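**Q** Here it is, the structure in full.
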Amino acid sequence: MDTGPYNAHTITGDALWVDLPVLGVKGKSFASRVASSLIYVAGILELVVETEEDCVDFWQWVEHQTPIN
């Protein structure tokens, strides 16, 4: 998970490069939107959320998913 106000620019790029998912929260400044932009460009739109509350909702949803064997 990547949050602001300054988020993980290089780390997000590195994680996406090796196929690790990153959940990004859109911020209001350039520095807080870099990770979301990288996730968006990678085509994983469902991993970009608008607010921190959306982030909590996402992780609660993930928590209740059936594991893949």
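**Q** What pairs come up if the first residue lies in the stretch 46-64 and is in contact (Cβ under 8 Å) with a residue 24 or more places away in the chain, the second is among the hydroxyl-bearing types (S, T, Y), and their beta carbons are under 8 Å apart, counting only those six or more places apart or on different chains?
**A** Partner pairs satisfying both residue conditions: V48/S36; V48/Y40; E52/T3; C55/T3.
**Q** Would you mention how many residues in the stretch 26-69 are outside any helix (DSSP H, G or I), of a type outside the set (S, T, N, Q) and surrounded by fewer than 15 Cβ atoms within 10 Å (Cβ to Cβ)? Spell out how you get there, then give the answer.
**A** Going residue by residue through the stretch 26-69, those that are outside any helix (DSSP H, G or I) are 26-29, 33, 42-44, 48-51, 64-69.
Narrowing further to those that are of a type outside the set (S, T, N, Q): 26-28, 33, 42-44, 48-50, 64, 67-68.
Checking which are surrounded by fewer than 15 Cβ atoms within 10 Å (Cβ to Cβ) leaves us with 28, 43, 50, 64, 67-68.
Matching residues across the stretch 26-69 total 6.
**Q** Quick one: how many residues across the stretch 12-25 are among the hydrophobic types (A, V, I, L, M, F, W, C), touching a helix residue (DSSP H, G or I) at 6+ places or on another chain (Cβ under 7 Å) and not in a helix (DSSP H, G or I)?
**A** Going through the stretch 12-25 one residue at a time, the tally reaches 3.
**Q** For the stretch 1-11, how many residues meet the condition of being surrounded by 18 or more Cβ atoms within 10 Å (Cβ to Cβ) and outside any loop (DSSP other than H, G, I, E, B)? Before the answer, list the steps.
**A** We begin by selecting, within the stretch 1-11, every residue surrounded by 18 or more Cβ atoms within 10 Å (Cβ to Cβ); these are 2, 4, 7.
Then drop every residue that is not outside any loop (DSSP other than H, G, I, E, B), which leaves 2.
Count: 1.
**Q** List pairs: first residue in the stretch 5-19 and farther than 12 Å from I39 by Cα and modelled with pLDDT under 90, second residue hydroxyl-bearing (S, T, Y) and surrounded by 16 or more Cβ atoms within 10 Å (Cβ to Cβ) anywhere in the structure, Cβ distance under 7 angstrom, at least six positions apart or on different chains.
**A** Filtered contacts from the stretch 5-19: P5/S32; Y6/S32; N7/S32.
**Q** Restricting the first residue to the stretch 26-38 and requiring it to be closer than 9 Å to A8 by Cα, which pairs with a second residue that is aliphatic (A, V, I, L, M) meet a Cβ separation below 6 Å and a spacing of at least six or different chains?
**A** A35/A8
The values are calculated or read from the model by the stated rules, or taken from the named source; none is laboratory data. The structure displayed is predicted, hence computed values, not measured ones. Heads up, the Cβs are rebuilt from the backbone with ideal geometry, glycines too, and the neighbour counts pull from every protein chain shown.
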